[in-house]
Amino acid sequence: MITIRRLNVGEARLYREIRLESLRESPLAFATSYESAVGRDIDSWVEQVDASAQGPDRALFIVFSDSPIGLVGLYRDQKDHSCGELLQMWVSSNHRGSSLAGDLLDCVFDWASQQGFRFIRAEVTENNLRALRFYEKYGFQTVASEGSGTTLTKEVEQGGGGNSAALRASP
């Protein structure tokens, strides 16, 4: 069974484990390196998780099967409160190509709708064409493209799609 849920207060070690795995497995997909993340002290992980586990401005979601297999974060833009920045999107290599990444984004968009977000922005590092194609297929539109990557946005449907409850415990 696959479960998608928001990280809870006190789950910094779990978050650290999955975040480091994502950086180790897909080093070119992220602006942060494994080496810089592994050097962070545990207090910084605790602060990040606990701040993301409650409130309407940011959230971290994880996907479990028998172990953590996916991660994504959404943080409200401090200059434009109607926009959220999608961060750390990752699904383990043996689950790529399935519906899991789309299910994870469905959960994020449902939560974002409930919190009053109007747009979600994603940035894709250069040469990560698989991620770029995934976001485009999901409905994101390119708004900027530079040598370092591509920025895309997608409107958040208001009222919530109601999909996240079904995703929390899908077969």
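The values are calculated or read from the model by the stated rules, or taken from the named source; none is laboratory data. Everything numeric here is computed off the predicted structure, so don't read it as measured data. Methodologically, a virtual Cβ is constructed for each residue, glycine included, from the backbone with ideal geometry; neighbour enumeration extends over all protein chains shown. These area figures cover heavy atoms from the full protein model, side chains too; ligands, DNA and RNA do not enter into them. Shrake-Rupley method; radii C 1.70, N 1.55, O 1.52, S 1.80 Å.
Can you go through Leu60, Leu87, Leu74 and tell me which one is open to solvent by 20 Å² or more (accessible area, probe 1.4 Å) and under 19 Å from Ala31 (Cα atoms)?
Exactly one of Leu60, Leu87, Leu74 is open to solvent by 20 Å² or more (accessible area, probe 1.4 Å) and under 19 Å from Ala31 (Cα atoms), namely Leu87.
What single numbered condition from (1) of a type in the set (A, V, I, L, M, F, W, C); (2) within 28 Å of Gly159 (Cβ to Cβ); (3) surrounded by 18 or more Cβ atoms within 10 Å (Cβ to Cβ); (4) at pLDDT 95 or above fails to hold for Ile2?
Answer for Ile2: the failing condition is (4).
Does Ser113 satisfy being of a type in the set (S, T, N, Q) and either farther than 17 Å from Leu28 by Cα or modelled with pLDDT under 90 (or both)?
Judged against the criteria, Ser113 is a match.
For segment 29-144, give me every one of the helices (runs of 4 or more DSSP H) that falls completely inside it and has 3 or more residues that are under 14 Å from the mean Cα position of the chain (by Cα), more than 18 Å from Ala12 (Cα to Cα) and among the charged types (D, E, K, R).
In segment 29-144, the matching helices (runs of 4 or more DSSP H) lie at 100-114.
Would you pick out the residues in segment 6-31 that are open to solvent by 60 Å² or more (accessible area, probe 1.4 Å) and either touching a residue at least 24 places away in the same chain (Cβ under 8 Å) or not charged (D, E, K, R) (or both)?
Those that are open to solvent by 60 Å² or more (accessible area, probe 1.4 Å) and either touching a residue at least 24 places away in the same chain (Cβ under 8 Å) or not charged (D, E, K, R) (or both): Asn8, Val9, Gly10, Arg13, Arg16, Glu17, Glu21, Pro27, Leu28, Ala31.
Just to verify a result, which residue in segment 80-137, among those that are free of Cβ contacts under 8 Å to residues at least 12 places away in the same chain and of a type in the set (Gly, Ala, Ser), is nearest to Thr32 (Cα to Cα)?
Gly97
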